[in-house]
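One structure is given here, and the rest of the page talks about it.
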Amino acid sequence: MTPGSPRAEPPAAGRAGRLALRALARIGGGVLVLWAVATLTFFALRLIPGDPAQALLGGPGSQASEEALAAVRAEYGLDQPLLAQYLRQLGRLATGDFGSSYALRTEVAPLLLSQLGGTLLLAVLALAAGWVLALLLASWSTRGGRVGERIGSALEVVGAGLPHFWLATVLILVFSVGLGWLPPISTPGPLGLVLPVVTLAVPLAGFLGQVMRESLLDALEAPFALSARARGESEGGVRRRHALRHAALPGVALSGWAFGYLISGAVVVETIFARPGLGRTLLNAVTERDVPVVVGVVLLVALAYILVTVVTDIAARILDPRVPA
Amino acid sequence: MPRTSRLPLLSSALLGALVLAGCTPSGGDGGARGGPGGTGEPVAGGTLVYASGDAEPTCLDPHVGGNYPQALVSGQYLESLVSRDSDGQIIPWLAAEWTEAADGLSWTFILREDVTFTDGTPFDAAAVAANVEHVKDPETGSSTGYLAMGKVTAVEAVDARTVTFRLSEPDSALLESLSQPWVAMQSPAGIARGIDENCEAPIGTGPFVVDEWVKQDSITLLRNEEYASPPADAAHTGPAYLESIVWRFIPESATRYAALQSGEVDVIDNAQPDTLVAAAGEDGLTELNAPRPGSSNRLELNSGKAPFDDERVREAFIRSASVDAGIETLFFGTAERSYSPLSSVEALAHAEPDLFGYDLDAAQELLDDAGWTQRDAEGYRVKDGQRLTLEFPVSTNQSIPAEQSLFEQIQASTKEAGFEVRLSLLDLSSWYAVLAANEYDVVSAPYTKVGPDVLRILYSSSGITPAPSGYFANHAQVSIPRLDELLTLASQTSDPDARADYYEEAQTIVLEGFYILPLYDQQNHYLLRDGVRGLRALPTVSTPTLYDTWLAEG
């Protein structure tokens, strides 16, 4: 197989079959990961100090009576040995039962589903915006010679290093308080999404841009680009038809990681911009030692992460015939 | 001889108001009724957006658990038997009048007539009994309300409008306890739906009704068009002016203020010192300062173990802590120094400013006397090979950033005397755990309660033994027989003057024993847009009531 000669593919059916097998294997591994994640989360939460019963009965300035605590402990099985609680929870999770929240007195599954939409929307939009920003930056900076490269590289490094909370505060100060263009909190319309999406997308674009620019530069100097130019293809054509596809590859591979990055960013962004979502749910649940909700969110995020990784893995193989199926 | 309510005048004024209420046409459906410009005459209609920086409640029924975030929102849809006016006097609300039996072991309340819950259930004596029962039921998981009803053994419906509370011992704080939102009255039919459903939308008699609760986002409240039971000190009668309230949760202080500035929200709570200073320089924003009742914000020194079991060491710590300068620089004049265990809202608060002057030399001398004569390489005092170390767990849920910085300044100034203060920032659950394990020497744990009876919770020796929950309120671990006696006497007397004397002596003992270092009132600042009129904090637990509130045009 010569790089850049897409005709050299093996028979399609065999490759598709191997891709499917690969996906299955990855999903099997994913189940193991989910079990490990559930176990770690459960014990981590129970090892840090704090009694869930106390936390869910007492806020600042209130004190729980003995009877109330006993009732709560019995109601949630908190009086059982830790191992028994763990096994019980694992058994429930295996059957798809996420249990009910200690603090919110609702089933975990519907609660998470109601919060999932907001976070997914935020993550998907931020991923898309991050991609667009990174591609724009990468193609602009590779055109600008050494100076362009330097500037592009500097922008990416700075962007990637921006903490979400800082960026969010600056954006609010400039665009909500200063200019009055955009609301600082979620609104019924799409306007309220702009600042949170930008907050998440800018650092992400910094990361994506770095790898994309490198591979775009490599691709532009690769033999296939040379031969395309020799065939009389314009520079824009070389970029669009040949080089960008190569530049996108590491970006696609990174998108799985990016998704995890965005979800962790959502914890900060949802809190600052007062948006409903899984990130804020997770933060509140950890504070309240609401184990079922924390385990639920973490599992859901891990599941999404695994799915995205499998999809990007397969996508990378479809995009790049060099990678064996 | 039964003692009648001390407020006959107010009671008759209330009856007059009720008659008037019957004649007043109910508020229009969004149409402006006010005069031009909307400055003087209240205007009915409109939606007010309230942004809370407090945690989102996990249950909207304040009987369950019972914390301040619940009190903030539930005051819009639930009402109590009595309220408190700005002079600290108990005034009628859902109860029109009351009498205490001569032996103090029972109280009889005459309920207001013609009040119905928003589900149509009549508000009557049986409903009051059902509510107290609900609060006392361990299944409810009530903590604050449960404590408030601690001495109530039974509630009997004498007739539809007469209800008698039976007590295990006299309780001079009963009316104050009943004024709190954590024992507000709910429809028995609503309670009967079970905790899960009732938590989503409790049914009360209040000026607003819970319409929808979108978790992590907002609660929508709609006007109760049949409303007819304002407290005796309300500014108007009949339904509320506002058509609806959107109650949002914006945890981040800067975002909350930005949302107020950009007009997305009309009112914010938990305005921080820096925000207040910024807002003071801005047109179109008004501040409402409503310190919480009960205790002041104060450092409690754990006298139950070394080194603070020695009064000289406690005094040395207090003398070497530079507080005033810190409050000035960190709170920018938004908080006033306190010298009392009680909030300045409490009429019986007793202050002793002379005890708390900064005096490093005196502190050094006291520590020398107490045997902490050596210093180690880092400048900390040492005795018998032990460093003079103080564990200071700080709850990040309760201490705002400015307060955390103040603690750091206290840490720095007491270091000069040779104290090593170890601050640890903890989330609420970890903080509770550290207190329960008695692994602290200094702690700040303000307590919100209506009336001076909070002293009994905070300084009675019975509050030292942690409940199995690990929770206890006497963090200073004060154990003085005379103090216990005073607090009991105060809670049992029906003579207001004697009560005041007992509480003054009790506060003197706590202050002069150097068990606490008072800082300031529990800060509670609201900011509102200028168009928001008629908003006030209820003088019970200083939560805002939006009943009299209206939106001026422009």
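Read-outs: derived from the displayed coordinates by stated rules, not from any lab. Worth saying up front: this structure is predicted, and the values here are computed from it rather than measured. Reconstructed Cβ throughout: ideal geometry from the backbone, glycine too, with neighbour counts over all protein chains shown.
The table for this structure:
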{"read-out": "FRET efficiency estimate (nearest 0.05) - Cβ-Cβ, A:L90 to A:L307, R0 22 angstrom", "value": "0.55"}
{"read-out": "Loop chymotrypsin sites (Phe, Trp or Tyr not before Pro), the range A:157-249 (other Cβ atoms within 10 Å of the site Cβ: 14 or fewer; DSSP)", "value": "A:W181"}
{"read-out": "Sites matching GluC sites (Glu not before Pro) across the range B:357-399 that sit in DSSP coil, with at most 10 neighbouring C-beta atoms within 10 Å", "value": "B:E378"}
{"read-out": "Peptide A:282-291, shielding by other chains (average Cβ, 10 Å cutoff)", "value": "3"}
{"read-out": "Mean separation of Cα contacts under 8 Å (6+ apart) over length of the range B:297-520, as relative contact order %", "value": "31 percent"}
{"read-out": "Cubic angstrom per residue, convex hull over Cα atoms of the protein assembly as shown", "value": "205 Å³"}
{"read-out": "The range B:155-218: C-alpha gyration tensor shape, a/c 1.5 cut-off, then a/b vs b/c", "value": "prolate"}
{"read-out": "Cα centroid of the range B:285-342 to Cα centroid of the range A:77-111, whole Å", "value": "42 Å"}
{"read-out": "0 to 90° range, to nearest 10: angle between helix B:496-512 axis and chain B longest Cα axis", "value": "30 degrees"}
{"read-out": "Listed pairs B:K136/B:K449; B:K305/B:K449; B:K215/B:K449 exceeding 21 Å between Cα atoms", "value": "B:K305/B:K449; B:K215/B:K449"}
{"read-out": "Rounded if a/c under 1.5, otherwise prolate or oblate - chain A, Cα gyration tensor axes", "value": "oblate"}
{"read-out": "Dipole of the range A:108-319 [Lys/Arg +1, Asp/Glu -1 at C-beta], most positive-end residue of A:L120, A:P276, A:F165", "value": "A:L120"}
{"read-out": "Expected 222 nm ellipticity per residue - DSSP helices of 4 or more, -39500 (n - 2.57), all of chain A, to 500", "value": "-25000 deg cm²/dmol"}
{"read-out": "Residue (of B:A363, B:T508, B:F332) at the positive-pole extreme of chain B, dipole from beta-carbon charges", "value": "B:T508"}
{"read-out": "With Cα atoms, 0 to 90° folded angle of helix A:108-143 axis to chain A main axis", "value": "20 degrees"}
{"read-out": "For B:L425, distant residues with modelled amide H under 5 Å away", "value": "B:V394"}
{"read-out": "Two-decimal Rg to Rh for the range B:297-520 - Kirkwood Rh, Cα set", "value": "0.96"}
{"read-out": "Shielding by partners, peptide B:256-263 (average Cβ within 10 angstrom, other chains)", "value": "6"}
{"read-out": "Mean-position separation - Cα centroids, the range B:110-167 and the range A:227-273, in angstrom", "value": "65 Å"}
{"read-out": "Calculated FRET value between B:L105 and B:R193, using beta carbons and R₀ = 30 Å, to 0.05", "value": "0.30"}
{"read-out": "Nearest-20 debye value, the range B:297-520 charge dipole, Cβ charges on Lys, Arg, Asp, Glu", "value": "600 debye"}
{"read-out": "Amide H within-cut-off set for B:Q374, under 5 Å, with H built and near neighbours excluded", "value": "B:V382"}
{"read-out": "Inter-label distance, nm, simple model (7 Å from Cα along the C-beta direction), B:E408/B:D497", "value": "5.2 nm"}
{"read-out": "Dimensionless Rg ratio for chain B, taking C-alpha atoms and the 2.2 N^0.38 Å reference", "value": "1.00"}
{"read-out": "Chain B: angle of helix B:360-369 to the longest principal axis, Cα-based, in degrees nearest 10", "value": "60 degrees"}
{"read-out": "Chain B, dipole about Cα centre (Lys/Arg Cβ +1, Asp/Glu Cβ -1), debye to the nearest 20", "value": "360 debye"}
{"read-out": "Rounded, prolate or oblate (a/c below 1.5 giving rounded, otherwise prolate when a/b exceeds b/c) for the range A:74-142 by Cα gyration tensor", "value": "prolate"}
{"read-out": "Positive-pole candidate from B:Q186, B:L260, B:I250, dipole of chain B, charges at beta carbon", "value": "B:Q186"}
{"read-out": "At most 14 other Cβ within 10 Å, DSSP loop - trypsin sites (Lys or Arg not before Pro), the range B:296-360", "value": "B:K305"}
{"read-out": "Backbone HN-Hα couplings from phi across the range B:54-62 [Karplus 6.51/-1.76/1.60, Hz, Gly and Pro as x]", "value": "6, 4, 5, x, 8, 8, 7, 8, x"}
{"read-out": "Chain B, helix-only ellipticity at 222 nm - DSSP H runs n ≥ 4, -39,500 (n - 2.57), divided by all residues, nearest 500", "value": "-8000 deg cm²/dmol"}
{"read-out": "Efficiency of FRET between B:R166 and A:L162 - r from beta-carbon atoms, R0 51 angstrom, step 0.05", "value": "0.20"}
{"read-out": "Inverse mean reciprocal Cα-Cα distance (Kirkwood Rh) of the range A:149-226, Å", "value": "14.3 Å"}
{"read-out": "About the Cα centre, charge dipole magnitude for the protein assembly as shown (Lys/Arg +1, Asp/Glu -1 at Cβ), debye", "value": "5300 debye"}
